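The values are calculated or read from the model by the stated rules, or taken from the named source; none is laboratory data. In this text, all values refer to a predicted model and were calculated from it rather than measured experimentally. Backbone-built Cβ (ideal geometry, glycine too); neighbour counts: all protein chains shown. Calculation scope for accessible area: heavy atoms of the full protein, side chains included, ligands and nucleic acids excluded. Shrake-Rupley method; radii C 1.70, N 1.55, O 1.52, S 1.80 Å.
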Amino acid sequence: MVQQDKTADIHAVIRRGKRWDYLFAAIGLICLAFGLLTVLVLVGKMGLEGLDRLSLDFFTSYPSRRAANAGILSAWVGSVLVMLVTAFAAVPLGVGAGVYLEEYAKKNWVTDIIEINITNLAAVPSIVYGLLALGIFVYQFGFGGSILSAGLTLALLILPIVIVATREAIRAIPGAMREGSMALGATKWQTVRYHILPYSMPGILTGIIIGLARAIGETAPIITIGALTFIAFLPPLPLVEGAGLFDWVMSPFTVMPIQMFNWTSRPEEAFQINAGAAGFVLVVMTLGMNALAIWLRYRLRKNIKW
Amino acid sequence: MNPNQHPYPVKAEARKLNFFYGLVQALKAIDMPLYERQVTALIGPSGCGKSTFLRCFNRMHDLYPGNRYEGEIVFHPDNTNLLSTEVDPIEVRMRIGMVFQKPNPFPKSIFENVAYGLRVRGERNRRVLDDKVEQSLKDAALWNEVKDRLKDMAFNLSGGQQQRLCIARALATDPELLLFDEPTSALDPIATASIEELMHDLKKRVTILIVTHNMQQAARISDHTAYMYLGDLIEFGKTDEIFIKPRDKRTEDYITGRLS
Ligand SMILES: Nc1ncnc2c1ncn2[C@@H]1O[C@H](COP(=O)(O)OP(=O)(O)OP(=O)(O)O)[C@@H](O)[C@H]1O
Ligand SMILES: [Mg+2]
């Protein structure tokens, strides 16, 4: 009899506890649905609006005064090239800094201050990077409103992301790997080269791609350094018609978000449709990059277990 | 004990060895020889400093800030003080191998795991690498099990195989002294037996220092035994003597307590 009472008590306690489980699950689901629906509706609306314009022509045409002829050729080429420069600058700098901080830097107050600053850099508004770049890259170094200036600016912007991703990926490597390598007489560099870098690569790549996905949508700093809003030519192809290998980096350019911004500020309804189509392409590009990050991480992690 | 009166040559010798984790002293004035091509076992209750002592020999403590050695570990035949600041810890680790408690193969192929120590030493010749990997795997009694799948990832091996792989990895570079920190504590009895057998063969060519919590194991495989307690070396002697007729009461209590 006593035993039965006890069991009944326990059941009551469990029931009471579980009520909160259900309640919280319901609240969480509503929050999630709210966020997800908003995004879906936005992207869907944009896609539907722009659907008419999403043809091959749209990707192969320069902007035009006539909405029906206008395309995003110079914008997507510009975006891709700027991302290229960004990646080339941010990856070695960010990974190098991350590896240095994790593996080489002495743990003292200087390192602490550097660490705090890097974390804070990620929170600096992007327009501030634009101003900085205007002073340094555009005027001081004389790069002008070029692909190079834009790429370097965005590289600065995503540098903290790459550094933090690198450090976190390195920290996830068990100490036993490091000790195992060092115990065989490896130097620090050999340990980094044969173990730390390969094992942290999935995490680092994810960080890089997420950083680039953020950079590709940035508008404010690119406008600040003076990107064009209307451009009807492409940067010179390397080694074609007397162009040098790297002449394209000094070319004026525009990027997807600026092209969008330009079209939305036009009074004609037809340009709004163009903007919707361009926005849709931009979102697909970003999602595509994120998907690539997930896939790469999955592929690379399969070979790393401890 | 005067090592020169001993029938075996001395391979390494701790002299007044103190060790500090920051301000905490973990080893207190340890004097102890390791005899060449003998197995020396370190026993003692958890936290007494066995791993700390073992890791002094290959300067593993240098990897972390705040650690400090005092005293010497003299390595023979060249009389080098392993702990001297003038001696590069990398040189020390090139001469002294280590096998860890938990098998820690690299997430690479079986071949690459064993070849790693040679690669670190700059060996590129494929033939040399192949031969050395085969020989080391044979010495670690693993060759027959893995010879057809050297390209497989090492983490697909069983725990016991992984530990033998780690031993092969350490053997590939011909260490003069091998350190084992509870190498069988994560293994089942059969895998443990195979590793013990292996150590028995290995001592023909290499000096072995092993930490173990298993008294039977210490009695079975070691020639000399050291009993540590709270950072002190309480007693060191031939394994038979330590187990049958310990001089110190604390050793006796520990051994009888652990055996019964
Ligand atoms: N990294 C560290 N920092 C500070 N103190 C430590 C550190 N590692 C170990 N110690 C301390 O040093 C003492 C000796 O530890 P050690 O790991 O050598 O013991 P052990 O004999 O190997 O024990 P076990 O049998 O449990 O492995 C313990 O009191 C431990 O708490
Ligand atoms: Mg230990």
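Can you say whether B:M98 is more than 16 Å from ligand 1 (Cβ to nearest atom), touching a residue at least 60 places away in the same chain (Cβ under 8 Å), buried (at least 16 other Cβ atoms within 10 Å of the Cβ) and not aromatic (F, W, Y), as far as the supplied structure shows?
Details: more than 16 Å from ligand 1 (Cβ to nearest atom): no; touching a residue at least 60 places away in the same chain (Cβ under 8 Å): yes; buried (at least 16 other Cβ atoms within 10 Å of the Cβ): yes; not aromatic (F, W, Y): yes.
Considered against the rule, which asks whether it is more than 16 Å from ligand 1 (Cβ to nearest atom), touching a residue at least 60 places away in the same chain (Cβ under 8 Å), buried (at least 16 other Cβ atoms within 10 Å of the Cβ) and not aromatic (F, W, Y), B:M98 comes out as no.
Being within 13 Å of ligand 1 (Cβ to nearest atom) and surrounded by fewer than 23 Cβ atoms within 10 Å (Cβ to Cβ) is the filter here, so list the residues in the stretch B:36-48 that pass it.
B:P45, B:S46, B:G47, B:C48
Within the bounds of the stretch A:183-201, is there any residue that is touching a helix residue (DSSP H, G or I) at 6+ places or on another chain (Cβ under 8 Å) and farther than 20 Å from B:N104 by Cβ? Lay out the reasoning, then the answer.
Of the residues in the stretch A:183-201, the ones touching a helix residue (DSSP H, G or I) at 6+ places or on another chain (Cβ under 8 Å) are A:183-188, A:190-192, A:194-197, A:199-201.
Filter once more, so that each one left must be farther than 20 Å from B:N104 by Cβ: none.
No, the conditions are met nowhere in the stretch A:183-201.
Here are some residues: A:S149, A:S200. Which one is touching a residue at least 24 places away in the same chain (Cβ under 8 Å), within 14 Å of another protein chain (Cβ to nearest Cβ), surrounded by 23 or more Cβ atoms within 10 Å (Cβ to Cβ) and among the small types (G, A, S)? Write out each step before concluding.
Details: A:S149 fails: within 14 Å of another protein chain (Cβ to nearest Cβ).
Unique residue meeting the criteria: A:S200.
As an exercise: evaluate B:N81 against (1) within 30 Å of B:K16 (Cβ to Cβ); (2) more than 16 Å from ligand 1 (Cβ to nearest atom); (3) under 17 Å from the mean Cα position of the chain (by Cα) and give the number of the one condition it does not meet.
Result: B:N81 passes all but (3).
With the condition kept exactly as written, say whether any residue in the stretch B:74-81 is within 16 Å of ligand 2 (Cβ to nearest atom) and buried (at least 17 other Cβ atoms within 10 Å of the Cβ).
Of the stretch B:74-81, the ones within 16 Å of ligand 2 (Cβ to nearest atom) are none.
No, every residue in the stretch B:74-81 fails to be within 16 Å of ligand 2 (Cβ to nearest atom) and buried (at least 17 other Cβ atoms within 10 Å of the Cβ).
If B:L54 satisfies all but one of (1) open to solvent by less than 40 Å² (accessible area, probe 1.4 Å); (2) away from ligand 1 (no atom under 16 Å from the Cβ), what's the number of the condition it fails?
(2)
Run down B:Y21, B:Y64 and say which single residue is modelled with pLDDT of 95 or more, within 16 Å of ligand 2 (Cβ to nearest atom) and aromatic (F, W, Y). Please lay out each step first, then the result.
Working: B:Y64 fails: modelled with pLDDT of 95 or more.
Within the list B:Y21, B:Y64, the selection yields B:Y21.
Rundown of residues vs (1) open to solvent by less than 60 Å² (accessible area, probe 1.4 Å); (2) more than 23 Å from the chain's Cα centre (by Cα); (3) modelled with pLDDT of 95 or more, yes/no style:
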position	(1), (2), (3)
A:D5	no, yes, no
A:W20	no, yes, no
A:G35	yes, no, no
A:S61	yes, yes, no
A:A67	yes, yes, no
A:S74	yes, no, no
A:L101	yes, no, no
A:E115	yes, no, no
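Based on this model, can you work out whether A:G226 counts as out of contact with any helix residue (DSSP H, G or I) (no Cβ under 8 Å at 6 or more places or on another chain), in the same structural domain as A:T86 (by TED's automatic domain parsing) and surrounded by fewer than 21 Cβ atoms within 10 Å (Cβ to Cβ)? Can you show your working first?
Numbers: out of contact with any helix residue (DSSP H, G or I) (no Cβ under 8 Å at 6 or more places or on another chain): no; in the same structural domain as A:T86 (by TED's automatic domain parsing): yes; surrounded by fewer than 21 Cβ atoms within 10 Å (Cβ to Cβ): yes.
Considered against the rule, which asks whether it is out of contact with any helix residue (DSSP H, G or I) (no Cβ under 8 Å at 6 or more places or on another chain), in the same structural domain as A:T86 (by TED's automatic domain parsing) and surrounded by fewer than 21 Cβ atoms within 10 Å (Cβ to Cβ), A:G226 comes out as no.
Here's the yes/no breakdown for (1) within 14 Å of chain B (Cβ to nearest Cβ); (2) open to solvent by 40 Å² or more (accessible area, probe 1.4 Å):
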{"site": "A:Q259", "(1), (2)": "no, no"}
{"site": "A:W263", "(1), (2)": "no, no"}
{"site": "A:R266", "(1), (2)": "no, yes"}
{"site": "A:Q272", "(1), (2)": "no, yes"}
{"site": "A:F280", "(1), (2)": "no, yes"}
{"site": "A:N290", "(1), (2)": "no, yes"}
{"site": "A:L300", "(1), (2)": "yes, yes"}
{"site": "A:W306", "(1), (2)": "yes, yes"}
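With respect to A:L148, is the statement that it is within 15 Å of the chain's Cα centre (by Cα) and closer than 16 Å to A:I216 by Cα true?
Considered against the rule, which asks whether it is within 15 Å of the chain's Cα centre (by Cα) and closer than 16 Å to A:I216 by Cα, A:L148 comes out as no.
Suppose we filter the stretch B:178-231 for residues that are surrounded by fewer than 22 Cβ atoms within 10 Å (Cβ to Cβ), away from ligand 2 (no atom under 16 Å from the Cβ) and within 14 Å of chain A (Cβ to nearest Cβ); how many remain?
Final tally of qualifying residues: 0.
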